[in-house]
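Report on the following structure.
The values are calculated or read from the model by the stated rules, or taken from the named source; none is laboratory data. Here the structure is a predicted model, which is why all the values come from computation and not from measurement. A quick note on method: Cβ atoms are made from the backbone with ideal geometry, for glycine too, and the neighbour counts reach across all protein chains shown. For accessibility, only protein heavy atoms count, side chains too; no ligands or nucleic acids. Shrake-Rupley method; radii C 1.70, N 1.55, O 1.52, S 1.80 Å.
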Amino acid sequence: HLIKWPRFNGYGFNLHSGKNGDQAQYVGVIERDSPAESAGLKQYDRVIEVNGVNVSNENHRQVVQRIQALPGETRLLVVERDAFHVYTERGVVLS
């Protein structure tokens with residue numbers, strides 16, 4: 001759960017899309033002393049849900065809109081990149 005801070009502009013992370021047609025969304029650079037760092041986000045975390053909605057079939061623009069939908073806060077379900085591959089190889093659906 002990320003909450004914007006009055007003294008900080010935004011949440012403090014970049015969002016990146018997968019490559020080669022992969023619509024996956026990944027956490028990019030985490031700014032120091034940011035809400036994202038405080039919440040425990042890590043670079044390369046894969047975004048699974050935003051505000052309770054699975055975003056695996058949504059494009060970058062749609063995911064950004066979901067992140068911005070609630071004023072001042074957002075809820076992300078993320079999984080570390082390596083863990084994502086382990087879960088999907090085992091047929092585990094993340095939610």
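Mean projected area of the convex hull spanned by the Cα atoms of segment 9-70, taken over all viewing directions: 4.2 nm². Report the residues of segment 13-54 in range of a label on GLN62: point 7 Å along Cα→C-beta, backbone N strictly under 19 Å from it. It comes to 15-27, 46-54, nothing else. Using C-alpha pairs below 8 Å separated by at least 6 residues, the relative contact order for the chain is 27 percent.
Fully extending the segment from LYS4 to THR88, taken as 0.36 nm per residue of separation minus the present Cα-Cα distance, adds 27.0 nm. The share of accessible area on the chain that comes from carbon and sulfur is 46 percent, using a 1.4 angstrom probe. Of the trypsin sites (Lys or Arg not before Pro) found in the chain, those that fall in a DSSP loop while having at most 12 other beta-carbon atoms within 10 Å are ARG7, LYS19, ARG32, ARG90.
Solvent exposure of the chain amounts to 66 Å² per residue of accessible area, where only protein heavy atoms count and the probe is 1.4 Å. Spin-label model, ASN54/ASN14: points 7 Å from Cα along the beta carbon direction are separated by 3.0 nm. Placing +1 on each Lys and Arg Cβ and -1 on each Asp and Glu Cβ, with no other charges, gives the chain a dipole about its Cα centre of roughly 160 debye.
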